[in-house]
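Data block below; observations after.
The values are calculated or read from the model by the stated rules, or taken from the named source; none is laboratory data. All values reported here derive from a predicted model rather than from experimental measurement. Note that each Cβ is placed from the backbone with ideal geometry, even for glycine, and that neighbours are counted across all protein chains shown.
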Amino acid sequence: MINSGSDAVLQNALHGQKLSPDEIRHLLGLREGKAVSRLFRTARQIRGRHFGNKVFLYGFLYFSTFCRNNCRFCQFRKANFSLERYRKTDSEIIEAARRMADAGVHLIDLTMGEDPDFLQMNSNGSVRLENLVHKIKTETGLPIMVSPGVISSDMLKRLAEAGADWYACYQETHHRPLFERLRIGQSYDERWQAKKYAQNAGLLIEEGILTGVGETADDILHSLEMMRSLKADQVRIMSFRPQNGIPMSDDLKADDLSEPVTIAVMRLIFPGAMIPASSDVDGPDGLRQRLRAGANVITSLIPPGKGFTGVVTADTDSAQRMPRSIAPVLEHCALEVASAKDYMRWIETRRSQSEFHQKLQDSVC
């Protein structure tokens, strides 16, 4: 039990103390206005200690909406025959990456469904996704995140050698029965192990969970503990949004504060980590609230007019998800865009602290 209330818990977090499971569970349950405001203010203070008033921008290129999986929460599930799908050509993807780089993003996020077309070996022994990573790295010079789903340790090594910096692979939940209901026919352990393989290949890791899918507060608490055990470099939560062609019920939608409150708690637990606020959910108002809760990365920025979709919304031709369009939100939150050097400095520092880097140093010595 917590005897001293939310204020004492928040003070403990400000002083760098590790919060207990009971304290975390208490904070996750906050919904009263003043208590939530204090939680958000504490999260912003901790963010400020590590990042000042700087935020980072991620360009998002969902280049294939084909997928072999039947996740119950995703409109791109294989069994959704009502969806008009696409696979972008290499030239389309590279041109869009150039455009996002010119717009001032700090990272290119190459995302796809688990589409075997981009993972097949070519006659010359290379892989299409591997070649794309190399070309985009060469063209833009930006860090690259890959989100290809579960792939082999060999493929992860190849992508790292081609220039990838990040591997994003969301468990969605770490409660196994719920995982099995969400990710039909998929292996919890294989998905978890893929992140371990990626770390061994020297990649930074983004782990993520969903809210509004039937999870409990204890499920979220367990996920946060698992993220901490993984030593994830970027942690995120997104709210489930009902979409056409999926079997998830509308009544599972998360309450309005579940995601931002969890973002704030994440900031307390992972003070120096990257925590995204997605521009793909709830528009500018939702982005503002997530930044107020302690997020420091704006994700899902897409090039308008190029036919790239998001995970939640389908405003492929909207200019509202470009760096210049979010300036009013940043101004309202007293934040500003970090420099490219700021982002690279964070990456280099994070890598130097990783177990992979330590093992590499030991092998050299």
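Couple of notes before you dig in:
- When residues of region 30-44 are limited to those that are outside any helix (DSSP H, G or I) and out of contact with any helix residue (DSSP H, G or I) (no Cβ under 6 Å at 6 or more places or on another chain), the one nearest to L221 (Cα to Cα): R31
- Candidate set: region 169-189, residues that are of a type in the set (D, E, K, R) and over 19 Å from the mean Cα position of the chain (by Cα); chosen: the one surrounded by the fewest Cβ atoms within 10 Å (Cβ to Cβ): D189
- Scanning region 86-112 for residues that are in contact with a helix residue (DSSP H, G or I) (Cβ under 9 Å, 6 or more places away or on another chain) and among the small types (G, A, S) yields a count of 4.
- Selected residue (only one of V9, V36, V55 is at pLDDT below 95 and β-branched (V, I, T)): V9
- Boolean, G286 is at negative phi, surrounded by fewer than 24 Cβ atoms within 10 Å (Cβ to Cβ) and assigned to a helix (DSSP H, G or I): yes
- Only a single criterion out of (1) out of contact with any Lys or Arg (no Cβ under 9 Å at 6 or more places or on another chain); (2) at pLDDT 95 or above; (3) under 22 Å from S278 (Cα atoms) is not satisfied by G208, namely (1).
- When the residues of region 119-151 are filtered to those that are modelled with pLDDT of 95 or more and among the small types (G, A, S), the one that is farthest from K195 (Cα to Cα) is G141.
- When we screen L178, L210 for residues that are part of a strand (DSSP E or B), within 17 Å of N70 (Cβ to Cβ) and either touching a Ser or Thr at 6+ places or on another chain (Cβ under 7 Å) or not polar (S, T, N, Q) (or both), the only hit is L210.
- Long-range neighbours under 7 Å by Cβ, at least six apart or interchain, first residue of a type in the set (F, W, Y) within region 80-100, second outside any helix (DSSP H, G or I) and crowded, with 16+ Cβ neighbours inside 10 Å: Y86/T65
- Check on S82, surrounded by fewer than 18 Cβ atoms within 10 Å (Cβ to Cβ) and under 27 Å from R181 (Cα atoms): yes
- Residues satisfying the stated conditions in region 55-103, i.e. assigned to a loop (DSSP other than H, G, I, E, B) and in contact with a Lys or Arg (Cβ under 8 Å, 6 or more places away or on another chain): T65, F66, C67, R68, N69, N70, C71, R72, F76, K78
- Meets criteria (closer than 30 Å to A338 by Cα, aliphatic (A, V, I, L, M) and in contact with a strand residue (DSSP E or B) (Cβ under 9 Å, 6 or more places away or on another chain)) for I94: no
- Options L301, L287, L268, L230: the member that is modelled with pLDDT of 95 or more, more than 23 Å from A198 (Cα to Cα), touching a helix residue (DSSP H, G or I) at 6+ places or on another chain (Cβ under 7 Å) and among the hydrophobic types (A, V, I, L, M, F, W, C): L268
- Region 323-338, subset more than 20 Å from the chain's Cα centre (by Cα) and small (G, A, S), residue modelled with the lowest pLDDT: S325
- Flag for F179 being at pLDDT below 95 and among the hydrophobic types (A, V, I, L, M, F, W, C): no
- Top-ranked residue in region 133-172 [being in a strand (DSSP E or B) and touching a Gly at 6+ places or on another chain (Cβ under 9 Å); ranked as farthest from R183 (Cα to Cα)]: I144
- The residues of region 246-293 that are of a type in the set (G, A, S) and under 19 Å from E225 (Cβ atoms), listed by number, are S258, A264, G272, A273.
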